[in-house]
Amino acid sequence: MKTSFISTLSIQTTMRNSIAGVQREMVKANQEAVTRKHADLGVTLGASTSRALDLSRDITRIESLYNTASLATQRLESAELSLSKMNDLALEIQSAILTLGNSTDATSLATARTTMQNSLDAFTSFANTAVQGEYIFAGINTDVKPMQDYFAPGSPAKAAFDTELNYYMSSHVPPIPSMSAMTEDQMNGFLDDLEAKFNGTTPLSDPPHPGLGGEDLWTTYFSSASDENMKSRISQVEVVDSSTNANSAGMRNFAFASIISLELLQPNMDAKAREAVSSRTRSVIAEAMNGVDSINQQRTMVGVYTERVSKAEERLEAQKDILVKGLGDMENVDPEEAATRLNTMKTLLETAYTVTAKIQQLSLANFL
């Protein structure tokens, strides 16, 4: 009978290798139990890995479109709210003019002018509304405040009005000595000229605006907005305007109506001239609310775009859910199975440690 021996060193080496293997498998099992995804997607899926990567890229793309659509929704909702407030301010102007009627009372005129001032000031604030640091009525010039403050010290908008009025009176034949001396026809002539410059049909002249002949009064002195609106891609094939701009006819008319009422409804004026100002204010503020490219038309378009963005968000969510489910079927693991496998690995590791400890206690000294 032949006997042989087994080295304790070889046994320990085998156990160390077994322990290292179990530890590696534990790391994978623990990762899968926590993330609920295969630890090594390439090894598990093989040739299907590229399909999983394509699905991941599609999901990332949809999430990017969804984030863009969400930002567009914020901009559009803020624009709609601001336009609604502007329409309310226009109604206040309309009400103040109707209440004033043909009154020559200084207190009534002062009250009407105060309403115009407050309305214009609030209008400017709404026109300068910003969302996440971007001005929503600035068109593509989102980093520039679109509306000049008419009441700010040294305001170019206020200076432009004064320049136009003074030039009209001084260039009239015969010259008009003061605003209080203006007749009804002269006032209508001035309002016709100024309104044409506000709405852009008549450019500035030189004089009285040195070096600015041919320029648009509104975009030169009142607005820094671009005529081109911000656009947002809400799907692979759909792009919508995600705002409007302060150069619309509605906003020009609002400013014109409030400014002429504020500046020209003075108690020392000719009654007929003052009535001409009131009549023009009524007609222009109505045009600002409901005319072509008016405030309410802008609200309507913003509402249409908001609805389109909302529908796009619903479609993107549905597409993402389908892709996430498909990707999950490929890369997800059963969390219960992963947890069971992890516990099994822990048991094997504990057993290996126990056996190793027993082997290390073996010694010939114990048998001598």
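The values are calculated or read from the model by the stated rules, or taken from the named source; none is laboratory data. Since we're looking at a predicted model, the values are computed, not measured. Reconstructed Cβ throughout: ideal geometry from the backbone, glycine too, with neighbour counts over all protein chains shown. When the accessible area is computed, the model is the full protein with side chains, heavy atoms only, and any ligands, DNA or RNA have been set aside. Shrake-Rupley method; radii C 1.70, N 1.55, O 1.52, S 1.80 Å.
Of note:
- The stretch 320-368 - residue that is open to solvent by 100 Å² or more (accessible area, probe 1.4 Å) and at pLDDT 75 or above and, of those, farthest from A52 (Cα to Cα): D321
- Test for E314: is it closer than 13 Å to Q94 by Cβ and out of contact with any Phe, Trp or Tyr (no Cβ under 9 Å at 6 or more places or on another chain): no
- The set of residues from the stretch 42-66 being modelled with pLDDT under 70, surrounded by fewer than 16 Cβ atoms within 10 Å (Cβ to Cβ) and either of a type in the set (A, V, I, L, M) or within 38 Å of the chain's Cα centre (by Cα) (or both) comprises V43, A47.
- Yes/no for T183 being under 27 Å from N87 (Cα atoms) and not acidic (D, E): no
- Which numbered condition M86 fails, given (1) at pLDDT 95 or above; (2) open to solvent by 10 Å² or more (accessible area, probe 1.4 Å): (2)
- Among the residues of the stretch 180-192, the ones that are open to solvent by 40 Å² or more (accessible area, probe 1.4 Å) and in a helix (DSSP H, G or I) come to 6 in all.
- Filtered residue count, the stretch 242-262, keeping only those that are of a type outside the set (A, V, I, L, M), open to solvent by 10 Å² or more (accessible area, probe 1.4 Å) and part of a helix (DSSP H, G or I): 2
Rundown of residues vs (1) at pLDDT below 95; (2) of a type in the set (A, V, I, L, M, F, W, C); (3) open to solvent by less than 50 Å² (accessible area, probe 1.4 Å); (4) more than 30 Å from K272 (Cα to Cα), yes/no style:
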{"position": "L120", "(1), (2), (3), (4)": "no, yes, yes, no"}
{"position": "G133", "(1), (2), (3), (4)": "yes, no, no, yes"}
{"position": "G139", "(1), (2), (3), (4)": "yes, no, yes, yes"}
{"position": "T142", "(1), (2), (3), (4)": "yes, no, yes, yes"}
{"position": "D149", "(1), (2), (3), (4)": "no, no, no, yes"}
{"position": "A160", "(1), (2), (3), (4)": "no, yes, yes, no"}
{"position": "L194", "(1), (2), (3), (4)": "no, yes, yes, no"}
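- Subset of the stretch 263-306 (residues that are open to solvent by 60 Å² or more (accessible area, probe 1.4 Å), closer than 20 Å to S78 by Cα and part of a helix (DSSP H, G or I)): Q297, R299, T300, M301, V304
- The stretch 134-181: number of residues that are touching a His at 6+ places or on another chain (Cβ under 9 Å) and touching a residue at least 60 places away in the same chain (Cβ under 8 Å): 1
- On the stretch given as the stretch 205-234, residues that are surrounded by 19 or more Cβ atoms within 10 Å (Cβ to Cβ) and either of a type in the set (K, R) or within 17 Å of the chain's Cα centre (by Cα) (or both) total 5.
- For the stretch 64-79, a residue qualifies if it is free of Cβ contacts under 8 Å to residues at least 12 places away in the same chain and small (G, A, S), and exactly one does: S64.
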